[in-house]
Structures are given as C-alpha cells and as structure tokens.
Amino acid sequence: MNKKYVVDLTEEERDELKEIISTGKHSARRIRWAHVLLKADAGWTDERIREAFLVSLPTVQRIRQRFVEEGMDIALGARSIKPRPYARKLDGEQEAHLIALACSEAPEGHTRWTLRMLAGKMVELAYVDSLSHETVRQVLKKTKLNRGLSKSGV
C-alpha cells in the first residue's frame, strides 16, 4: 500500500534521533516517537510500529504526517505555532477602557453591570463598532475581575 506521508530521514536526522534515544535526557514520549520515526524510515509498517512501541495506529500516522509537513521537532512533540483563525476584537487600550467601565458605578437603577450592558456601553462610547457579551466575559475573566460581592456580603 502506498503511504501518503513517507518518512525519508537524512543522515543528520538519523543521528539526532539516535542521540535522543540513547541519552535518556528526553521525555518517554519523545523517545518513543523518535523510535517511531526511525522505524518508519527503515520501512516498517504502521501496524508493526504500533505493536513494537505500544502506540496507537493514528499516533503513528500523525507522527509521519507531522514529520513530512512540519519537520522533525514538531513530529517529536513540539507545538507548532499557528496563527489565530480570527483577529482579536479588542486591543489593549480598549480592554483597559472595558475594565475601567466594569469597575465604575453601575447605571442608575442597577446594582451592578451586566455583560450585555458593558458591551452596549462600549459601543455607545464609540470604543468599538460592535461587541458581544461573550467577548466582554472573556476579557473580564482574563483579568480575574470579580464583579460580585465578597463572601462576607460587604
């Protein structure tokens, strides 16, 4: 069966993987995945690799894919840095305005700000064009801002 992701290591990559395996200075997962790459390069089947190193078949396939697409470091467990799929809604200055607003006195007739009221006020004050209550919640959560009463009720 033809594999979509074929591992073809250079001599330097093989030496680096052998060093990872032999030094014992790496995590067990990284060592196991180094074994997987070496055996994939040697022509072992995914099923044989799975049995030899006690990893799942999808793990073997994922290691192969990551090696081919993103390189050896990513295949051995380093996290790839992918760009956000969306732009941040608020910048630092807008977040500061939101936090200041949340810390201010609530509008007349209310005991505290609600997330929807804060979002509406941010739009009303023209800090942003539009803002959802969920974005407000995430910003306030990130700052660990407690908008409620203390446990003592004071």
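Just for segment 20-60: of the residues that are among the basic types (Lys, Arg) and over 28 Å from the mean Cα position of the chain (by Cα), which one is surrounded by the fewest Cβ atoms within 10 Å (Cβ to Cβ)? Before you say what the answer is, go through the steps one by one.
In the first step, residues of segment 20-60 are kept if they are among the basic types (Lys, Arg); the result is 25, 29-30, 32, 39, 48, 50.
Next, only the ones that are over 28 Å from the mean Cα position of the chain (by Cα) stay: 39, 48.
On the way: Lys39: 18, Arg48: 12.
Checking each candidate, the answer is Arg48.
Answer with yes or no whether Glu51 is free of Cβ contacts under 8 Å to residues at least 60 places away in the same chain and under 16 Å from Met72 (Cβ atoms).
In short, no.
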Original post:
Failed condition for Glu69, given (1) within 20 Å of the chain's Cα centre (by Cα); (2) in the same structural domain as Thr135 (by TED's automatic domain parsing), with all others met?
Top reply: (2)
Subject >> Sole exception among (1) at pLDDT 90 or above; (2) over 31 Å from the mean Cα position of the chain (by Cα); (3) loosely packed, with under 13 Cβ neighbours inside 10 Å for Ser152, by number >> reply: (1)
**OP:** Inspect segment 134-143 for any residue being part of a loop (DSSP other than H, G, I, E, B) and either closer than 30 Å to Arg29 by Cβ or within 19 Å of the chain's Cα centre (by Cα) (or both) and give the result as yes or no.
**Re:** no
Subject >> Restricting segment 55-79 to residues that are without any contact (Cβ under 8 Å) to a residue 12 or more places away in the chain and part of a loop (DSSP other than H, G, I, E, B), the residue that is nearest to Ala126 (Cα to Cα) >> reply: Arg79
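The values are calculated or read from the model by the stated rules, or taken from the named source; none is laboratory data. Keep in mind the model is a prediction, meaning the values are calculated, not measured. When we count neighbours, we look across all protein chains shown, and the Cβ atoms used for this are built from the backbone with ideal geometry, even at glycine.
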